[in-house]
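Reviewing the structure listed below.
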Amino acid sequence: MNEGRLNRRQLQGWVANRFYYQVKIPIKDAAILSNCPEREVRREWIHRILDHDGSQGDEGGIEKWLRLGEAVGLARKEMLAQSQLLPGVRYAVDAYVNFCRTKPWVEAMASSLTELFAPALMAARIAAFEKHYPWVKPDGLKYFRGRLTQAPRDTEFTLQLVLERCRTREQQEPAVAALKFKCELLWAMLDAMHFAYILNPENSDEPPA
């Protein structure tokens with residue numbers, strides 16, 4: 001995608017499937033909160049839910065992703081119906097929600113440290129869209145731009161918390177394993193989409209504009 005090698009149909013497939021992940025982010029964060037007994041931590045973590053669900057005067061990340069879908073040519077109704085959702089993507093995302101619901105809250109929070117890489121990733125993604133996919137309306141890139149400031153704020157808190165709470169090898173290993181699990185499920189999502197939209201000849205042709 002960052003090299004500009006996706007056609008319109010393939011880019012739409014990525015956006016449609018990542019939407020399921022976006023929808024589930026506040027749900028997994030609510031699950032983490034339900035297991036956290038510390039009020040000060042909950043008061044900080046709840047920002048993540050509001051970032052995605054939105055609040056009065058702030059459209060939120062889910063709405064921004066819907067606008068990204070519209071910018072690449074997807075109908076809002078189609079995205080909300082999840083008509084293009086791949087089984088592999090659904091399985092991976094649901095596994096993440098279940099992980100955060102059932103694991104100790106510090107481990108679940110540690111899994112979100114993939115956001116350490118988000119600012120650089122989002123900056124590269126914005127540049128790639130502007131260079132290679134000029135047909136995507138600029139309004140559709142608002143989600144990526146928002147994460148340039150949200151991700152560093154969230155990561156600073158999470159990293160400090162994990163470092164403070166995981167001081168022994170016994171505490172650190174589950175936190176590292178949680179982060180590894182998150183990386184693997186993101187990998188699984190990409191594998192499912194690569195198979196469906198890159199290796200599948202039916203999706204190699206451009207759809208009508």
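The values are calculated or read from the model by the stated rules, or taken from the named source; none is laboratory data. Please read all numbers here as calculations on a predicted model, not as lab measurements. Glycine also receives a Cβ, built like all others from the backbone with ideal geometry; neighbour counts cover every protein chain displayed. For accessibility, only protein heavy atoms count, side chains too; no ligands or nucleic acids. Shrake-Rupley method; radii C 1.70, N 1.55, O 1.52, S 1.80 Å.
Accessible area per residue for the chain is 53 Å², calculated with a 1.4 Å probe on protein heavy atoms, without ligands, DNA or RNA. The lysine pair count for the chain, using Cα distances under 22 Å and pairs eight or more places apart or on different chains, is 19.
A helix-only calculation puts the chain at -23500 deg cm²/dmol for mean residue ellipticity at 222 nm, using -39500 (n - 2.57) for each DSSP H run of at least four residues, averaged over all residues. For the chain, take the longest principal axis of its alpha carbons; what is the angle in degrees between that and the long axis of helix 169-194, to the nearest 10 within 0 to 90? Approximately 10 degrees, to the nearest 10. Considering only the Cα atoms of the range 43-87, their convex hull presents on average a projected area of 4.3 nm².
Full extension of the segment from PHE195 to LEU80, taken as 0.36 nm per residue of separation minus the current Cα-Cα distance, would add 39.1 nm.
If a spin label sat at a point 7 angstrom from the Cα of ASP139 along the line to its beta carbon, the backbone N atoms of the range 3-27 nearer than 20 Å would be those of 12, 15-16, 19.
Between the Cα long axis of helix 60-71 and the first principal axis of the chain there is an angle of about 20°, rounded to the nearest 10. The mean of 1/r over all pairs of different alpha-carbon atoms in the range 1-103, once inverted, gives a Kirkwood hydrodynamic radius of 14.9 Å.
What the Kirkwood sum gives for the range 105-177 is a hydrodynamic radius of 13.8 Å, with every pair of different alpha carbons counted.
Placing a label point 7 Å from the Cα of ALA123 along the Cα-to-Cβ direction, the residues of the range 139-153 whose backbone N falls under 20 Å of that point are 141-153. Centroid-to-centroid, using Cα positions, the range 85-150 and the range 6-75 are 9 Å apart. The length gained by stretching the chain between GLU156 and GLU38 to full extension, at 0.36 nm per residue less their Cα-Cα distance, is 40.7 nm.
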